[in-house]
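The values are calculated or read from the model by the stated rules, or taken from the named source; none is laboratory data. Here the structure is a predicted model, which means the values were calculated and not measured. All Cβ positions, glycine included, derive from the backbone under ideal geometry; neighbour counts span all protein chains shown. Just so you know, the surface numbers come from the protein's heavy atoms only, side chains and all, with ligands and any DNA or RNA stripped out. Shrake-Rupley method; radii C 1.70, N 1.55, O 1.52, S 1.80 Å.
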Amino acid sequence: RFLVADFFFFFSRVLAWLAGEEWRLDVFRTHGKIYEASASTMFGVPMEKIKKGNPEYALRGKGKVAELALGYQGGARALISMGALYMGLSEEELPDIVSRWRKSNRRIQDFWYTVEHNAVDTVGFGIVHTMPRGISFHRDREYLFIRLPSGRELFYYRPELVTNVDGKSAVGFHGINQTTKKWELTETYGGKLTENIVQAVARDLLCSAMMNLYRAGYTVNFHIHDEVILEVPEESGKSLEEAIRLMCTLPEWAAGLPLNAAGFEGDYYRKD
């Protein structure tokens, strides 16, 4: 039989932990209803009113699309790409949603700008910068390095300072443009670097989870993003509950990160 489990709001939890956004961490430590909590914080409405049957429930959709689109410095275009217009929102109200989300998540906003400042400083002047959770920036002649909480590093090849559309210094590096598929100098910014960091940290946590499962005798057949698919003999005594506990057992470097997961058992794999 298969045991299938995935992390709840994986990237949102990692981002909140890295940035120290405490109200979000409290949500993830307790009820976990981040869409409702986000809408409540953004619009100043008691969370208990954001439930089906109440007119305030319409705010949940705004909280959801904001959560999906805005964590990495996205704006109105990011909301549109996440389906905001198909949800019935008008293009005119999108800037207000962006503004409200950012005001509600000041520490995350500060995290973007600190990451960008540190990267620019390191690339331009070789200054070593450190941040909470063990993140640091340094460079050599060929690479900008961002050290992750696990100790692993991200590499940005042949970094240099470029001038962005606002006339300010930004970081560029050489790599494959994801749109043109050509090797070229690519400009980046705080939100994009934050996304790189968050996804890399999430990868390290997933790797830790799979190693916990492997050491406990579970066979990991494959994984999809934040989901792990395990195959266990019928009479093995292995349980979904134990697997989830092992997945959420944190490495030392991730102390305080509120992980949670859920899943199902079955004879074949499916999307739950």
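Taking segment 197-206 only, how many residues are open to solvent by 50 Å² or more (accessible area, probe 1.4 Å) and free of Cβ contacts under 8 Å to residues at least 60 places away in the same chain?
Residues in segment 197-206 being open to solvent by 50 Å² or more (accessible area, probe 1.4 Å) and free of Cβ contacts under 8 Å to residues at least 60 places away in the same chain: 1 in total.
If you go through segment 111-127 one residue at a time, do you hit one that is surrounded by 13 or more Cβ atoms within 10 Å (Cβ to Cβ) and touching an Asp or Glu at 6+ places or on another chain (Cβ under 6 Å)?
yes
So which residues in segment 83-104 are within 20 Å of Ser40 (Cβ to Cβ), open to solvent by 50 Å² or more (accessible area, probe 1.4 Å) and either aliphatic (A, V, I, L, M) or under 20 Å from the mean Cα position of the chain (by Cα) (or both)?
Scanning segment 83-104 gives Met87, Arg100, Arg102, Lys103.
Quick one: count up the residues across segment 158-190 that are more than 22 Å from Leu18 (Cβ to Cβ), under 23 Å from the mean Cα position of the chain (by Cα) and open to solvent by 70 Å² or more (accessible area, probe 1.4 Å).
Number satisfying all stated conditions: 4.
Report those helices (runs of 4 or more DSSP H) wholly inside segment 41-114 carrying at least 1 residues which are hydroxyl-bearing (Ser, Thr, Tyr) and farther than 30 Å from Met131 by Cα.
76-81
For every residue, the table says whether it meets (1) touching a helix residue (DSSP H, G or I) at 6+ places or on another chain (Cβ under 6 Å); (2) among the small types (Gly, Ala, Ser); (3) within 18 Å of Phe10 (Cα to Cα).
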residue: Tyr35; (1), (2), (3): yes, no, yes
residue: Ala69; (1), (2), (3): yes, yes, yes
residue: Gly74; (1), (2), (3): no, yes, no
residue: Met87; (1), (2), (3): yes, no, no
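Look at segment 128-142 and say how many of its residues are open to solvent by 30 Å² or more (accessible area, probe 1.4 Å), of a type outside the set (A, V, I, L, M, F, W, C) and either within 24 Å of Val14 (Cα to Cα) or in contact with a Pro (Cβ under 7 Å, 6 or more places away or on another chain) (or both).
Residues in segment 128-142 being open to solvent by 30 Å² or more (accessible area, probe 1.4 Å), of a type outside the set (A, V, I, L, M, F, W, C) and either within 24 Å of Val14 (Cα to Cα) or in contact with a Pro (Cβ under 7 Å, 6 or more places away or on another chain) (or both): 7 in total.
Please count how many residues of segment 1-50 are over 30 Å from Asp267 (Cα atoms) and in contact (Cβ under 8 Å) with a residue 12 or more places away in the chain.
30
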